[in-house]
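Worksheet for the structure shown next.
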Amino acid sequence: MTRPHLLYTAWSFPPSRAGGVYRAVATVNAFAAAGWDVTVLTVPEQLFRMSTGIDAELAAQVDDSIRVMREDPDVPAFQNDLASWPWLRARHPELFKLVDLRRDFRSFPEPNYGRWRRGLEAMAERAHRLKPVDLAIGTANPHVDFIPGWHLHRTHGVPYVMDYRDAWQLDVFSGRRLVTATPAVRRWERRLIGSAAEVWFVNDAIRSWHAQRYPDFSDRMQVVANGFDEYKESLRVPVRPGREQGLTFGYIGTITPNVPLDLMLEGWSRARATEPELAGAELVLRGYIGHFGSGDATAAKRIEAAAADGVRYDGPVGKADIARTYREFDALVLALGTGRYVTSGKVYEYAATGIPVVSVHDPGNAATDVMAGSPAWVRTETMTADGIAAAFAQAARVARNQDMAAREAAQEWGAKYSRISQLAPRIEALSPGRT
């Protein structure tokens with residue numbers, strides 16, 4: 001029997017360390033495990049080395065059968081060698097940017113990325129010639145990643161899926177339309193959704209927002225939650241021995257300006273000063289500070305200043321070694337920006353460990369919908385220093401008293417969020433003969 005062929009487009013693909021890369025790896029691996037040949041369209045590795053940074057170990061998690069095609073999109077925003085800049089950019093960067101935007105908008109209404117459309121279409125045609133494509137999936141952002149599927153559908157009748165990791169028009173933090181949602185963006189989104197086989201969203205809040213705006217196409221909109229992945233070791237970690245000497249709270253994730261860092265540290269300081277169970281406790285932060293290699297000096301200084309309260313930063317951790325890091329924690333901190341549509345991929349991984357989780361985010365966030373019902377979850381009732389302090393104190397008591405039976409019960413509850421559980425129904429529905 002001939003193996004079906006998936007064409008998958010993702011700007012962020014290993015060795016990139018950008019957040020969406022984990023969803024991409026899990027998706028292509030799941031299709032490969034289900035008997036598909038998979039071709040990935042992405043950008044050169046060097047682009048990640050010069051921007052977001054790399055996670056070399058994650059690349060080893062990609063199934064060996066997967067073919068990867070890379071093309072340089074020639075985006076100035078990722079060209080950091082000043083010696084290679086043209087005279088206009090070096091002398092008049094604002095004017096250069098204005099002129100350069102025309103290159104994008106001539107092809108696709110997306111700053112920096114629109115110019116990649118022609119290259120993606122050419123790569124898609126090459127992949128289709130090598131072996132006819134049965135299904136195309138593009139994961140955004142950037143949203144130009146949707147183009148190969150749309151192009152092959154238009155030229156060869158190939159069904160395609162639009163996988164939104166975020167939203168093109170919706171600001172998931174404010175709930176308002178983004179200023180970049182121009183009339184051209186709205187036209188393109190309607191055109192793409194109108195001919196897609198399926199449109200995936202990471203939570204129901206974002207799916208509902210789009211269904212209200214495109215009611216004629218709501219039946220093709222699916223929720224495919226991020227879920228958790230397991231690599232070298234299981235995420236079902238045991239209760240840490242030695243916690244009676246002092247609890248260790250852990251935060252794992254990129255520390256961006258959307259993370260309520262100041263409030264979290266203030267709440268931690270107040271709780272540690274008043275809650276007996278937090279005597280001698282530590283708060284360990286793991287992950288990158290800022291999306292890009294230059295980091296965030298303000299956030300780094302704020303963390304350093306909190307050292308007297310038992311706060312320390314231990315740097316990033318590779319995804320493949322994540323289970324070992326969880327073994328060092330007695331409780332986890334889920335700190336997120338405010339927004340009804342905000343979930344975060346980390347919430348599913350936290351749930352899988354069974355470790356007590358304290359949510360340091362607005363109760364209205366979509367992450368609350370995920371954690372509701374967990375036997376190891378503590379919510380912050382109000383996003384104030386006192387509200388966060390109360391949540392830390394309660395989480396300390398839960399962590400101190402959690403035995404292995406309670407840990408295992410929480411792990412069983414979180415097991416439903418495995419990435420494979422999220423993807424399997426969609427792979428079945430999209431297999432040849434079903435689309």
field: Residue in segment 237-248 that is surrounded by the most Cβ atoms within 10 Å (Cβ to Cβ), counting only those that are under 7 Å from Asp330 (Cβ atoms) and of a type outside the set (Ser, Thr, Tyr)
entry: Leu247
- prompt: Taking Ala32, is it touching a Ser or Thr at 6+ places or on another chain (Cβ under 6 Å) and either farther than 17 Å from Asp134 by Cα or at pLDDT 85 or above (or both)?
  reply: yes
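Looking at Ala331, is it small (Gly, Ala, Ser), buried (at least 20 other Cβ atoms within 10 Å of the Cβ), more than 26 Å from Ser418 (Cα to Cα) and touching a residue at least 40 places away in the same chain (Cβ under 8 Å)?
no
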task: Inspect segment 290-311 for any residue being closer than 23 Å to Gly242 by Cα and outside any helix (DSSP H, G or I) and give the result as yes or no.
output: yes
- request: Select, from Gln422, Gln402, Gln394, Gln411, the only residue that is farther than 19 Å from Glu349 by Cα and surrounded by 17 or more Cβ atoms within 10 Å (Cβ to Cβ).
  value: Gln394
task: Select, from Arg419, Arg379, the only residue that is farther than 25 Å from Thr338 by Cβ, of a type outside the set (Asp, Glu) and under 23 Å from the mean Cα position of the chain (by Cα).
output: Arg419
Condition check for Leu265: outside the structural domain of Gly19 (by TED's automatic domain parsing), touching an Asp or Glu at 6+ places or on another chain (Cβ under 8 Å) and either of a type in the set (S, T, N, Q) or more than 21 Å from Leu58 (Cβ to Cβ) (or both): yes
task: Could you tell me which residue of segment 335-375 is farthest from Ala395 (Cα to Cα), considering only residues that are under 14 Å from the mean Cα position of the chain (by Cα) and aliphatic (A, V, I, L, M)?
output: Val342
query: Considering segment 192-218 alone, what residues qualify as being in contact (Cβ under 8 Å) with a residue 40 or more places away in the chain and of a type in the set (A, V, I, L, M)?
result: Leu192, Ala196, Ala197, Val202, Ala205, Ile206
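Can you name every one of the helices (runs of 4 or more DSSP H) wholly within segment 346-435 that holds 2 or more residues which are without any contact (Cβ under 8 Å) to a residue 24 or more places away in the chain, within 20 Å of Glu233 (Cβ to Cβ) and in contact with a Lys or Arg (Cβ under 8 Å, 6 or more places away or on another chain)?
Helices (runs of 4 or more DSSP H) meeting the threshold: none at all.
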- line: In segment 109-151, residues that are surrounded by fewer than 23 Cβ atoms within 10 Å (Cβ to Cβ), outside any helix (DSSP H, G or I) and at pLDDT 95 or above total 3
query: Tell me, which strands (runs of 3 or more DSSP E) lie completely within segment 180-269 with 1 or more residues that are over 30 Å from Thr384 (Cβ atoms)?
result: 198-201, 221-223
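The values are calculated or read from the model by the stated rules, or taken from the named source; none is laboratory data. This one's a predicted model, so the numbers in the text were calculated from it and none came from an experiment. No Cβ is skipped: glycine too gets one built from the backbone with ideal geometry, and neighbour counts run over all protein chains shown.
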